[in-house]
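Bear in mind that the values in this text are calculations on the coordinates, not laboratory data. The model shown is predicted, which means the values in this text are computed figures rather than measured ones. Note that we place each Cβ from the backbone using ideal geometry, even for glycine, and neighbour counts take in every protein chain shown.
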Amino acid sequence: MRTLRFFSFLAGLALLIPFAQLMAQESVDLDFPRAKIVTALQQHPDLAVPSVRFSLDEKELTAQAYQIEVWGNEISVRGGDERGLLYGGLEVAEQLELYGRVKNTKGEAFLAKRGIKFNIPLDARTPGYDDTGDAAQKNIAEMWNWDFWKEFLDDMALHRYNVLTVWSPHPFPSMIKMKAYPEVALNDVMVTTLEPIGVENEWGEPQLVSSNVLENLKVVKEMTIEEKIALWQRIMAHAKKRGIDVYFITWNICLNGVAKAVPPFYRTYGVTPYPEPPGKYGVSHQVDDQETISYLREAVKTFLLTYPDLKGIGVTAGEHMPPRSLPGFDREKWLWETYGKGILDAKEEQAGRTVEFIHRVWNSDMEAIMKHWDAYSDPFAVNFKYAKARLYSSPDIPFAKQHLEDMKPYGLKSWWNLRNDDIFVYRWGDPEYVRSFLKNFPREHTAAYHMGSDGYVWGREFIAKDHSLAGQLEIKKHWYNFMLWGRLGYDNELDKSFFTNKLAHHFPNLPAEPLYDTWQSASKIVPQVNRFYWKNWDYMWSVESCYNMREGFQSVVDFMDNPSMEGSNILNPTTYVEQLASGKTITAISPLTVANNLREEAKLTLEGVKKLDPQTDGEAEATVLLDDLAAMAHLGLYYAAKIEAATELAFLQANQESKHKQEAVRRLVEALDHWTNYAKLSEKHYRAQSLARTRRLDWSAILADVKADIGLAQTFRRE
């Protein structure tokens with residue numbers, strides 16, 4: 001056992017005094033949990049000030065595990081590694097904060113890698129996946145703000161995340177300087193002055209920069225490339241101190257900032273990119289361009305050499321490549337020639353460097369991937385969209401079955417990509433949903449999970465109207481949600497009492513158990529709606545706005561026939577009516593049962609909010625939280641009435657009895673009332689915003705679409 005540090009506190013002053021300096025090989029910064037312990041003690045001035053000793057115990061404890069032992073006023077924190085010491089120290093601080101005492105405790109990681117997926121808008125010239133939304137545009141400057149990243153990484157560590165995956169089609173021009181390609185490096189940080197209007201591909205294909213964007217630029221932050229590099233080196237070093245591994249994952253082929261920009265409204269649809277003149281140094285988006293391959297190989301090498309704390313790289317055999325069926329073109333060979341060889345080049349210069357590689361299984365297949373990557377000597381894993389784009393649907397996800405079979409011959413494990421393209425605005429929190437979701441992973445085939453969005457940037461919030469909440473980090477605004485996915489990934493057995501104690505500490509004016517129950521009821525609404533009205537991908541569906549990027553508002557007629565989630569055993573209205581007419585016994589879940597479930601959760605939510613509201617004592621966050629929960633309740637009631645109306649129209653289509661039309665209209669008038677309440681609560685606290693993948697979330701403007709549903713029902717005719 002090797003003692004790393006010992007410290008004590010001066011009684012009454014609660015000052016941290018180190019008795020030994022960090023050893024040279026230590027990477028995790030134990031001053032972080034020490035400071036949290038000091039803060040916790042300051043909240044309990046009557047406590048005797050303990051002495052705390054940290055020590056490694058690699059023989060008895062596993063990686064990330066810790067054991068806390070208390071002898072009177074002496075506290076021993078043993079860790080299986082440095083992360084174990086970090087988490088053990090944070091556990092001591094948390095127990096002091098919540099309970100005013102520390103007890104003997106053991107902790108061990110349930111899932112080894114627990115991550116956040118962060119689509120990063122570095123610059124208008126090197127954008128994220130789709131930067132047409134306000135969240136991306138308003139966060140570009142924040143991506144170059146040290147204070148943002150320090151707070152973000154600190155909160156990640158508090159929630160026990162140990163992985164940050166940063167997603168960018170082509171980050172290199174904004175982050176490196178290459179001797180062979182000096183003109184590629186981009187000074188300053190730029191945004192576009194264009195205002196998105198919510199039309200798909202108005203700025204060109206997602207992931208690619210369009211010519212109209214480059215014709216309308218402005219500088220929001222002056223920085224040299226050297227200053228940019230220094231900042232990101234500092235960010236990655238700080239992540240390491242917080243026990244967080246950083247990975248960058250790209251789409252391909254997207255040589256933004258180097259190749260020529262694409263035309264507005266350009267879309268590849270999986271075919272060979274349009275003929276283009278070469279960009280800087282003859283680089284283009286063409287797959288058979290040797291200059292492109294040489295450039296990207298050098299960029300990958302330089303990226304790794306520039307950032308020694310970068311843990312790994314991931315790739316997508318993406319949308320901007322020719323079809324796999326194209327004779328003579330091998331996607332995986334191209335990726336090996338660029339990324340694979342670039343990594344090997346860097347490893348030749350940095351002896352002993354390990355570079356983890358993550359290969360997304362998207363527009364590719366396992367056999368093709370392993371044909372070129374089977375001999376990769378460092379850790380290699382694949383990546384799969386576990387819940388497609390619907391993290392908030394069901395804790396029992398059926399989509400990975402074939403993927404698991406495909407991995408078996410190669411002995412691979414998978415990163416689970418948890419795509420939340422459902423809930424951006426409202427505060428969500430259902431611990432039992434998260435617990436079950438993570439527990440249902442096939443653990444023997446699980447390398448990691450990372451949670452995030454394609455259609456939203458989880459940076460700094462920008463829509464709050466309350467000045468005391470405006471501009472806070474999204475990880476602060478949605479602290480409960482982020483905490484659930486991190487903490488239950490580390491310790492899946494955390495019980496209700498733990499979460500109620502966290503709520504009691506965060507909202508001291510509110511009774512914790514009723515708050516827990518009310519928040520949980522509200523949080524069951526969106527998953528229930530998504531199971532009923534299933535759409536795979538981000539652009540297809542926004543539950544918060546009832547919108548689809550390509551089709552617009554999803555009407556009551558759409559709700560008649562749209563399929564439910566695979567494995568949900570839910571019938572859509574048309575199928576339900578057909579089965580009733582057939583005389584068969586119905587064992588599946590009817591749409592009316594779904595509507596009743598939504599009504600019940602909404603009722604529990606509104607009753608809970610009514611009881612809790614007088615106790616907020618005007619505290620801003622508590623007030624907004626309760627209105628968030630009430631808004632979700634009215635959204636649930638809106639969908640309940642709409643589902644019932646769609647079912648009545650299905651009956652009308654089957655038998656033409658006028659009573660069904662009258663009932664459908666009545667239900668839609670009720671739906672309009674609930675949307676009106678939903679809009680009032682939302683607009684009380686939030687500004688409307690443009691969403692990158694599903695047009696504009698403007699509650700009052702959408703009222704016109706909600707009203708139009710009534711007209712659709714009044715004029716509905718049997719097909």
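Brief remarks follow.
- For region 631-672 versus region 418-434, the gap between their alpha-carbon centres in whole angstrom: 27 Å
- Placing a label point 7 Å from the Cα of Q402 along the Cα-to-Cβ direction, the residues of region 313-338 whose backbone N falls under 17 Å from that point are 324-325.
- Potential lengthening of the chain between D46 and R550 amounts to 175.3 nm, from the contour at 0.36 nm per residue minus the alpha-carbon distance.
- Between W675, A692, L703, the Cα set farthest toward the positive side of the dipole of region 652-719 (charges on each charged residue's Cβ, about the Cα centre) is that of A692.
- T593 paired with S700, simple spin-label distance in nm, labels 7 Å along Cα-to-beta-carbon: 4.2 nm
- Nitroxide proxy distance, nm - points 7 Å out along Cα→Cβ at E226 and L98: 4.9 nm
- Check: region 455-503 dipole with +1 on Lys, Arg Cβ and -1 on Asp, Glu Cβ, in debye: 160 debye
- For the chain, the Kirkwood estimate of hydrodynamic radius, built from reciprocal distances between every pair of different alpha carbons, is 27.3 Å.
- Simple Cβ-charge dipole of the chain, Lys/Arg +1 and Asp/Glu -1, about Cα centre, in debye nearest 20: 480 debye
- For region 583-659: rounded, prolate or oblate by the Cα gyration tensor [a/c cutoff 1.5]: prolate
- Virtual paramagnetic centre 7 Å along Cα→Cβ of H467, amide N under 16 Å, in region 600-642: 620-621
- The chain: relative contact order as a whole-number percent, Cα under 8 Å and 6+ apart: 11 percent
- In terms of packing, defined here as the mean over residues of other Cβ atoms within 10 angstrom, the peptides 57-64, 43-50, 107-114, 135-142 line up highest first as 135-142, 107-114, 57-64, 43-50.
- Cα-based reach from K221 at 12 Å (exclusive), listing aspartates and glutamates while leaving out same-chain residues under 8 positions away: D123, E142, D188
- Equivalent-ellipsoid semi-axes of region 110-252, from the Cα gyration tensor, Å, largest first: 26, 18, 14
- Pairs spanning more than 30 Å between alpha-carbon atoms, out of K385/K603; K106/K150; K218/K707; K301/K476: K385/K603; K218/K707; K301/K476.
- Bridge type composition, the chain - antiparallel percent by DSSP, nearest 5: 40 percent
- Part-to-part distance (alpha-carbon centres) for region 157-214 and region 509-552, which is given in Å: 30 Å
- Dipole magnitude (debye, nearest 20) for region 655-719, charges at Cβ of Lys, Arg, Asp, Glu: 140 debye
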